[in-house]
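Heads up, the thing below is written out as structure tokens.
The values are calculated or read from the model by the stated rules, or taken from the named source; none is laboratory data. What you see is a predicted model; the values in this text were computed from it and never measured. Neighbour counts run over all protein chains shown; Cβ positions are idealised from the backbone, glycine included.
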Amino acid sequence: MSLELSETLQTTVNSLTEHFPDKIIEVYQSSGDTFIRIETDAVVSICTHLKNELHYIYLSDIFGIDRYTSGERFEVVYNLLSLRDVARVFLKVRCEEAAPEVDSVTSVWSCANWFEREVYDMFGVTFRNHPDLRRIFMPEDFQYFPLRKEFPLLGIPGSIELPGTTPDKD
Amino acid sequence: MKLTDIQSRVHSTFFTEHQKQLYQSLEDKHTTIEEYDDGDPLTTKMVLNMGPQHPATHGVLRLVLQLDGETIEKNKLDIGYLHRGVEKIAENKTYQEFMPYTDRMDYLSPYSNNVALCTAVEKIAGVPVPERAQYIRMIGCELARISSHLLWLGTMVMDAGAISFFIWTFKEREKIYDIMDRIAGHRFTVSHARIGGVANDITDEATGAIKEFMESFPGELKDYHKLLDRNRIFFDRNEGVGVLKTEDALQFGATGPTLRGSGFALDIRKVFPYLKYDDVEFKVPTRLEGDNLARYYVRMEEMHESIRIIKQCLAKLPRGPIRTDNAKQAYPSKDEVYYSMEGMIHDFMMTDTGICPPEGAECYHAVESPKGELGYYIQSDGTGHPWRLKINAPSFTNLQVLENILDGEMVADTVVIIGGVDPVLGEADK
């Protein structure tokens with residue numbers, strides 16, 4: 001598929017392929033948005049490069065996707081915004097089901113803190129060097145990762161302690 | 001008193017592991033902070049749990065504050081008390097079926113949420129939207145923005161000590177509810193937008209009510225300005241409070257009025273125009289101070305700009321259809337459903353399967369909701385249900401800013417700062 005990149009995005013892609021020739025897996029477009037899939041181990045260095053050299057100073061969001069495949073099951077997507085060039089680009093990394101681990105980008109953008117906690121809470125992807133990796137929506141006592149595809153829509157009975165309906169006895 | 005071991009003093013009975021980790025995380029925050037001398041009573045430290053059931057936290061936000069006298073030494077936010085798993089629900093519903101859930105995300109501006117979902121689905125499935133529908137959506141979004149800002153204004157001023165003000169802003173919100181009732185048939189959770197257009201055309205009665213509101217509301221805004229702009233108490237409570245420095249704003253990921261109050265004119269309506277926002281004139285108000293007062297000015301000016309936008313929309317409102325006339329992409333009109341066989345079949349199919357974007361397609365579309373950038377990422381697997389739907393909620397992003405700016409503030413200012421950041425927990429907790 002041929003790409004229809006704007007000038008800024010073309011500069012971004014060129015710069016990345018120049019500096020990280022063996023770390024870029026693919027660049028593709030869908031519905032007008034540009035996605036760059038990279039090697040998982042290069043995420044911090046590529047993010048630092050994007051922020052410092054290419055002015056992607058604003059991290060809008062990080063989220064996970066459960067691809068539900070046997071290999072490289074989880075995907076973590078970084079939604080980056082360049083205010084100077086008015087461009088949005090999505091970085092994607094993939095990780096295995098057995099021990100999903102990605103390097104944390106909190107050292108690059110400190111707002112990654114909560115976003116990564118959300119990915120961890122919902123998918124169980126852990127982030128190396130994260131300052132405070134706790135669950136964010138679910139309580140710590142909860143054992144499951146609810147946005148994984150195998151988690152049932154109705155939840156698992158007994159998986160979460162619920163308050164009693166009668167006033168406390170003691 | 002030293003607080004080296006909070007946990008031995010707190011006896012949690014519920015979600016014990018969760019409480020343990022939260023207190024541990026509070027203890028670990030800024031571990032470089034100096035220990036104060038024990039003997040001085042002025043340096044008494046305590047841990048204060050604020051919320052989740054607290055009237056000033058705008059919902060079910062829980063703050064764990066470690067106080068040194070009256071100063072917040074460090075704090076941690078605990079959210080998730082309103083977590084309903086809407087993203088999981090979305091994966092099991094058709095796109096149109098999911099829309100009422102978006103009403104309940106940011107329940108102060110349901111219209112913007114509907115539009116955010118619809119524009120994202122239209123982008124991924126390539127559905128055209130008639131011009132008239134786009135203008136109606138813009139009117140709805142801007143009314144929702146005024147309504148949301150009015151609630152923020154009322155509660156924030158109430159947090160600062162003026163109770164009666166709350167009633168005045170709610171008087172105006174009531175009028176917006178009445179207008180929404182006339183536009184959509186619902187006062188609160190409107191669900192008026194549809195994929196490919198809007199549910200029904202805007203009536204003369206509704207247009208009249210909007211015009212009437214546009215006439216009366218600027219006068220009310222003037223009164224608010226008169227009351228607050230030179231108000232000593234209001235200034236003392238807000239000036240220099242909860243400062244988000246310009247250099248930190250992007251680093252902490254602030255969005256919406258919180259970011260614009262710190263000097264960045266990032267408004268999705270201007271940066272990535274959607275609907276017909278590039279056809280109307282409006283300014284993006286910004287301030288440099290980054291304190292609560294700056295956020296007040298930004299939101300007040302935004303209300304003025306919203307009025308301008310609505311007036312232009314009403315003047316430009318073209319004639320024409322309000323929903324795309326392709327039964328494979330959008331619901332047919334009710335006339336067709338009631339009086340023709342095809343219409344009924346299509347209506348049934350839209351309800352049953354809904355619109356199916358191409359397999360493997362992905363898209364992200366953001367709108368500028370009253371709280372900031374509200375984005376929907378959709379990944380399709382070719383069926384009527386999204387494979388993954390992610391909501392980039394502005395309140396969630398802004399709450400993280402709150403956790404960063406609360407350190408070092410006075411405990412009495414906490415409620416004002418929460419009010420100034422204006423989070424909605426229904427949206428932050430998803």
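Observations, loosely collected:
- Which listed residue, of B:T324, B:T255, is polar (S, T, N, Q), surrounded by 18 or more Cβ atoms within 10 Å (Cβ to Cβ) and under 22 Å from A:D61 (Cβ atoms): B:T255
- Region A:79-131 - residue that is β-branched (V, I, T) and surrounded by fewer than 20 Cβ atoms within 10 Å (Cβ to Cβ) and, of those, nearest to the chain's Cα centre (by Cα): A:T126
- Residue list for region A:102-127, filter: farther than 24 Å from A:E53 by Cα and assigned to a loop (DSSP other than H, G, I, E, B): A:G124, A:V125
- Filter result for B:D407 (within 10 Å of chain A (Cβ to nearest Cβ), in contact (Cβ under 8 Å) with a residue 12 or more places away in the chain and surrounded by fewer than 19 Cβ atoms within 10 Å (Cβ to Cβ)): no
- If you go through region B:324-351 and keep only what is among the aliphatic types (A, V, I, L, M) and within 20 Å of B:H192 (Cβ to Cβ), you end up with B:A330, B:V337, B:M350.
- Top-ranked residue in region B:1-30 [being at pLDDT below 80 and of a type in the set (G, A, S); ranked as farthest from A:E140 (Cα to Cα)]: B:S8
- Pick from region A:82-109, criterion touching a strand residue (DSSP E or B) at 6+ places or on another chain (Cβ under 9 Å) and among the small types (G, A, S), ranking: farthest from the other protein chains (Cβ to nearest Cβ): A:A99
- Taking the numbered list (1) modelled with pLDDT under 90; (2) in contact with a Cys (Cβ under 6 Å, 6 or more places away or on another chain) in turn, A:Y28 passes all entries but (2).
- Listing of strands (runs of 3 or more DSSP E) fully contained in region A:1-81 that carry 1 or more residues being more than 10 Å from chain B (Cβ to nearest Cβ): A:24-30, A:33-38
- Hits in region B:254-296 (condition: aromatic (F, W, Y) and out of contact with any strand residue (DSSP E or B) (no Cβ under 8 Å at 6 or more places or on another chain)): B:F264, B:Y277, B:F282, B:Y296
- Residue check for B:G382: touching a Cys at 6+ places or on another chain (Cβ under 7 Å), free of Cβ contacts under 8 Å to residues at least 60 places away in the same chain and either exposed (fewer than 14 other Cβ atoms within 10 Å of the Cβ) or part of a strand (DSSP E or B) (or both): yes
- Residue in region B:345-356 that is within 28 Å of B:S306 (Cβ to Cβ), in contact with a helix residue (DSSP H, G or I) (Cβ under 8 Å, 6 or more places away or on another chain) and in contact (Cβ under 8 Å) with a residue 24 or more places away in the chain present: no
- Test for B:T207: is it under 30 Å from A:T106 (Cβ atoms) and among the hydroxyl-bearing types (S, T, Y): no
- Checking the stated criteria, A:Y68 turns out not to satisfy the condition of being surrounded by 19 or more Cβ atoms within 10 Å (Cβ to Cβ) and aromatic (F, W, Y).
- Residue tally, condition closer than 17 Å to B:P423 by Cβ, touching an Asp or Glu at 6+ places or on another chain (Cβ under 8 Å) and among the acidic types (D, E), over region B:60-102: 0
- Extreme residue, nearest to the other protein chains (Cβ to nearest Cβ), among residues of region B:68-81 that are under 22 Å from the mean Cα position of the chain (by Cα) and crowded, with 19+ Cβ neighbours inside 10 Å: B:G80
- When region B:235-260 is filtered for residues that are within 21 Å of the chain's Cα centre (by Cα), away from chain A (no Cβ under 13 Å) and modelled with pLDDT under 90, the ones remaining, listed by number, are B:G242, B:V243.
- The criterion of at least 3 residues that are among the aliphatic types (A, V, I, L, M) and touching a helix residue (DSSP H, G or I) at 6+ places or on another chain (Cβ under 6 Å) is met, among helices (runs of 4 or more DSSP H) falling completely within region B:230-317, by B:292-316.
- Residues of region B:82-107 satisfying the condition of being under 17 Å from B:N398 (Cα atoms), more than 10 Å from chain A (Cβ to nearest Cβ) and surrounded by fewer than 24 Cβ atoms within 10 Å (Cβ to Cβ): B:Y107
- Of all residues making up region B:157-207, the number that are without any contact (Cβ under 8 Å) to a residue 12 or more places away in the chain and polar (S, T, N, Q): 1
- As a summary of the residue check, A:E140 satisfies the conditions (1) in contact with a strand residue (DSSP E or B) (Cβ under 6 Å, 6 or more places away or on another chain); (2) within 27 Å of B:L22 (Cβ to Cβ); (3) among the charged types (D, E, K, R) except for the one numbered (1).
- Qualifying residue in region B:141-152 (condition: more than 29 Å from B:V416 (Cα to Cα) and either in contact (Cβ under 8 Å) with a residue 40 or more places away in the chain or not charged (D, E, K, R) (or both)): no
- Leading residue by the ranking (nearest to B:M138 (Cα to Cα)) among those in region B:268-291 that are within 14 Å of chain A (Cβ to nearest Cβ) and in contact with a Lys or Arg (Cβ under 7 Å, 6 or more places away or on another chain): B:V284
- Condition met for B:P386 (touching a Gly at 6+ places or on another chain (Cβ under 6 Å) and within 13 Å of chain A (Cβ to nearest Cβ)): no
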